[in-house]
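Every read-out reported here was derived from the displayed coordinates using simple, explicitly stated rules and does not represent laboratory data. Keep in mind the model is a prediction, meaning the values are calculated, not measured. Heads up, the Cβs are rebuilt from the backbone with ideal geometry, glycines too, and the neighbour counts pull from every protein chain shown.
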Amino acid sequence: MRHVIALDVGGTWMKAALLGVDSAPAPGTAPVLLHRERRATGRERGPEAVVAEILGFAADLAAHGAAHLGGPAVAAGVAVPGIVDERGGRAVYAANLGWRDVPLRELLAERLGVPVALGHDVRTGGLAEGRIGAGKGAGRFLFVPLGTGIAGAIGIGGGVEAGAHGFAGEIGHIVVRPGGADCPCGQRGCLERYASAAAVGEAWARVSGRDDADAADCAKAVANGDPGAERVWHDAVDALADGLVTALTLLDPGTLIIGGGLAEAGETLFRPLREAVGRRITFQTPPTIVPAALGDTAGCLGAGLLARDLLGPAGPDRTDPTEVTA
Ligand SMILES: [Zn+2]
């Protein structure tokens with residue numbers, strides 16, 4: 001079986017896998033996990049060091065495949081955070097890694113000698129959730145991870161929409177409370193200031209008087225019937241439903257996949273969220289609202305799918321290192 005390199009670059013860690021791929025996979029088929037490994041990004045040594053770590057890790061993964069899997073990988077997919085020009089293969093900006101305008105796809109293709117795809121971390125994770133995870137078979141979906149911030153991936157026709165400038169899906173910066181809390185993006189009242197795991201944790205820390213309280217603590221207190229926690233939770237769910245209804249009015253997704261730390265609250269989140277969305281909808285068809293299924297492996301699996309897509313239905317003979325997915 002041929003295999004591809006999948007690499008998901010985070011702020012602190014890089015998660016990688018070698019994934020076996022069929023030449024003509026049936027829709028919804030996940031790649032086969034053959035090898036898994038992780039390494040630190042080394043960001044404390046600066047952006048050039050991070051790029052060198054990525055290139056070295058990819059080369060070592062290729063060598064591992066050559067030594068243990070009957071030959072080197074035939075393609076590679078890499079997901080990175082921040083602003084990403086997927087078409088141009090450039091990592092434009094990432095606050096947590098400090099890089100600016102790195103031609104990462106070209107650098108990797110030169111190093112590996114195989115076609116490489118570069119993806120945005122959330123859109124790449126969304127691609128995996130939509131194709132082989134919680135949205136399997138949905139076609140049109142919206143993936144919204146609720147973590148430190150809130151991002152989104154708009155799934156259309158087997159791919160994820162990046163937008164004209166790489167900003168499509170930034171649902172966390174839809175204004176849901178005009179004139180509300182300041183957001184680092186420069187606006188006020190953005191959804192992620194009210195409904196991210198970080199925002200819920202901060203609100204619960206204020207109400208409970210415990211500085212170290214986080215969103216998971218708040219969810220537990222809600223499940224135990226704490227009225228203060230219930231108020232915090234209710235406000236967050238209300239803001240989230242406002243933002244989601246704006247998105248689903250525009251996009252009409254079949255499936256709404258909610259992930260990230262806040263989704264780990266399970267039905268404590270999903271029951272009131274479905275009700276709050278249902279109360280707001282008038283003419284729209286409500287989407288199926290489901291928890292994400294792939295957890296923190298979504299980015300890596302998605303990177304593998306980007307690499308698999310490069311091979312196309314025709315087989316392994318395309319070796320143009322500048323090849324891009326359509
Ligand atoms: Zn904002």
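Sparsely packed loop sites in the range 1-98 (the chymotrypsin sites (Phe, Trp or Tyr not before Pro) outside DSSP H, G, I, E and B with at most 10 other Cβ atoms within 10 Å) do not occur.
For the range 231-280 and the range 167-193, what is the separation of their Cα centres, given in Å? The range 231-280 and the range 167-193 have Cα centres separated by 16 Å. Remark: spin-label model distance residue 181-residue 26 equals 4.6 nm, labels positioned 7 Å along the Cα→Cβ axis.
Secondary-structure-derived ellipticity at 222 nm for the chain, considering helices only, amounts to -12000 deg cm²/dmol, per-run term -39500 (n - 2.57) for DSSP H runs with n ≥ 4. Hull volume per residue, based on the alpha-carbon atoms of the chain and their convex hull, is 133 Å³. Residues of the range 263-278 with an amide N closer than 19 Å to a point placed 7 Å from the Cα of residue 214 along the Cα-to-Cβ direction: 263-269.
Our Cα-only numbers for the range 36-172 put the radius of gyration and Dmax at 15.7, 44 Å. Between residue 67 and residue 33, the distance separating the two model label sites (each 7 Å from Cα on the Cα→Cβ line) works out to 2.2 nm.
Look at the dipole of the chain built from charges on Cβ: of 181, 228, 248, the Cα furthest out on the positive end belongs to 248.
The gain in end-to-end length when the residue 275 to residue 165 segment is fully stretched comes to 36.2 nm, 0.36 nm per residue minus the alpha carbon separation.
Write down the percent of antiparallel bridges among all DSSP beta bridges whose residues are both part of the chain, to the nearest 5.
Values: 30 of 48 bridges.
Beta bridges within the chain, antiparallel portion: roughly 60 percent.
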